[in-house]
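Chemist: Input: one structure, supplied below.
The values are calculated or read from the model by the stated rules, or taken from the named source; none is laboratory data. Fair warning: this is a prediction, and the values are worked out from it, not measured in the lab. Note that each Cβ is placed from the backbone with ideal geometry, even for glycine, and that neighbours are counted across all protein chains shown.
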Amino acid sequence: MSCDFSLGHYRELLRAAHSGGYQWAGFDRPPEPGVLILRHDVDLSLKGALVVAEAEAEEGAWSTWFLMTRSVFYNLASTEGERAIARLHELGHRIAHHAVWPDVDLDDRFDPVVSWHNPDPDYMRAPIPGAVNVMEETFFDPEHYRSDSNQHWRHGCPHEDLREHRFEWLQLLTHPAIWAFDGATMRESMESMLDADRAARLEQLRNDRIDLS
Ligand SMILES: [Zn+2]
Ligand SMILES: [Zn+2]
């Protein structure tokens with residue numbers, strides 16, 4: 001099994017967790033032994049998020065999707081954004097908020113759960129009034145946390161440890177664009193994402209009555 005950042009290996013990760021006996025869970029209650037909390041910070045692409053969300057549903061999994069209201073890459077208030085939220089709910093997933101410090105824009109689109117985008121250490125784990133901070137003590141400590149930032153697992157790909165049930169419980173943070181778009185490096189995955197985006201942008205221009213003849 002090759003630990004690449006492909007949709008195929010993401011599915012293998014989910015299957016490994018299933019074989020390891022883990023139960024899917026969210027941020028609505030403190031983690032119990034044997035749970036796997038799948039968290040996705042959606043920084044770049046709603047399209048990428050939906051690709052991963054569909055794959056999870058096919059594998060019998062569900063997760064919590066942290067969506068931005070202040071992304072420079074997508075607009076959650078657009079038709080595309082509304083459709084993405086509706087589809088994620090349809091697939092059985094949960095929606096939470098990926099916030100840009102210091103603004104928390106929680107409204108009825110979101111469960112009261114927040115992750116900070118690129119947080120500084122001084123506020124990363126601080127309590128947030130009226131909401132769960134995913135990095136607060138209840139949900140985070142280094143033994144129970146893994147993340148795929150920039151196609152780099154600091155402690156190695158967790159699939160084997162999941163299959164062997166070596167984590168008591170785990171919060172697993174993944175960034176869907178890394179897995180949804182092909183590429184052996186972060187640069188290549190981003191190029192794939194931009195290629196797909198160009199085609200989508202042309203379609204949006206046509207829909208906006210721009211003459212592309
Ligand atoms: Zn792996
Ligand atoms: Zn982020």
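Chemist: Just wondering, is there one or more residues in segment 47-57 that are without any contact (Cβ under 8 Å) to a residue 40 or more places away in the chain and of a type outside the set (A, V, I, L, M, F, W, C)?
Modeler: yes
Chemist: Could you tell me whether any residue of segment 37-56 is more than 24 Å from residue 182 (Cβ to Cβ) and within 16 Å of the chain's Cα centre (by Cα)?
Modeler: Checking segment 37-56: at least one residue is more than 24 Å from residue 182 (Cβ to Cβ) and within 16 Å of the chain's Cα centre (by Cα).
Chemist: If you take the residues in segment 121-154 that are polar (S, T, N, Q) and modelled with pLDDT under 95, which one is nearest to residue 172 (Cα to Cα)?
Modeler: 149
Chemist: Right, here's the next one. Search segment 103-126 for residues that are of a type in the set (S, T, N, Q) and pair each with any residue that is more than 16 Å from ligand 1 (Cβ to nearest atom) when their beta-carbon atoms are under 6 Å apart and the residues are at least 6 apart or on different chains.
Modeler: Pairs that qualify, where the first residue is of a type in the set (S, T, N, Q) and the partner is more than 16 Å from ligand 1 (Cβ to nearest atom), are 115/41; 115/66; 115/98; 115/134.
Chemist: Please count how many residues of segment 24-72 are crowded, with 18+ Cβ neighbours inside 10 Å, assigned to a loop (DSSP other than H, G, I, E, B) and not acidic (Asp, Glu).
Modeler: Number of matching residues: 11.
Chemist: Right, residue 38: within 19 Å of residue 114 (Cβ to Cβ) and within 16 Å of ligand 1 (Cβ to nearest atom) or not?
Modeler: Yes.
Chemist: Then there is this: Considering 39, 29, 83, which residue is within 14 Å of ligand 2 (Cβ to nearest atom) and charged (D, E, K, R)?
Modeler: Matching residue, one of 39, 29, 83: 39.
Chemist: Considering only segment 189-207, I want to know if a residue exists there that is surrounded by fewer than 18 Cβ atoms within 10 Å (Cβ to Cβ), part of a loop (DSSP other than H, G, I, E, B) and either touching a residue at least 12 places away in the same chain (Cβ under 8 Å) or of a type outside the set (Val, Ile, Thr) (or both).
Modeler: No - not one qualifying residue is present in segment 189-207.
Chemist: Identify the residue in segment 1-23 that is surrounded by 19 or more Cβ atoms within 10 Å (Cβ to Cβ) and assigned to a loop (DSSP other than H, G, I, E, B) and, among all such residues, is nearest to ligand 1 (Cβ to nearest atom).
Modeler: The qualifying residue nearest to ligand 1 (Cβ to nearest atom) is 5.
Chemist: Got a sec? Which strands (runs of 3 or more DSSP E) wholly within segment 80-164 have at least 1 residues that are touching a strand residue (DSSP E or B) at 6+ places or on another chain (Cβ under 9 Å), closer than 18 Å to residue 42 by Cα and within 16 Å of ligand 1 (Cβ to nearest atom)?
Modeler: Once the strands (runs of 3 or more DSSP E) in segment 80-164 are filtered for at least 1 residues that are touching a strand residue (DSSP E or B) at 6+ places or on another chain (Cβ under 9 Å), closer than 18 Å to residue 42 by Cα and within 16 Å of ligand 1 (Cβ to nearest atom), what remains is 145-147.
Chemist: Among the residues of segment 128-174, write down those that are of a type in the set (A, V, I, L, M, F, W, C), closer than 19 Å to residue 114 by Cβ, touching a residue at least 60 places away in the same chain (Cβ under 8 Å) and away from ligand 2 (no atom under 16 Å from the Cβ).
Modeler: 132, 139
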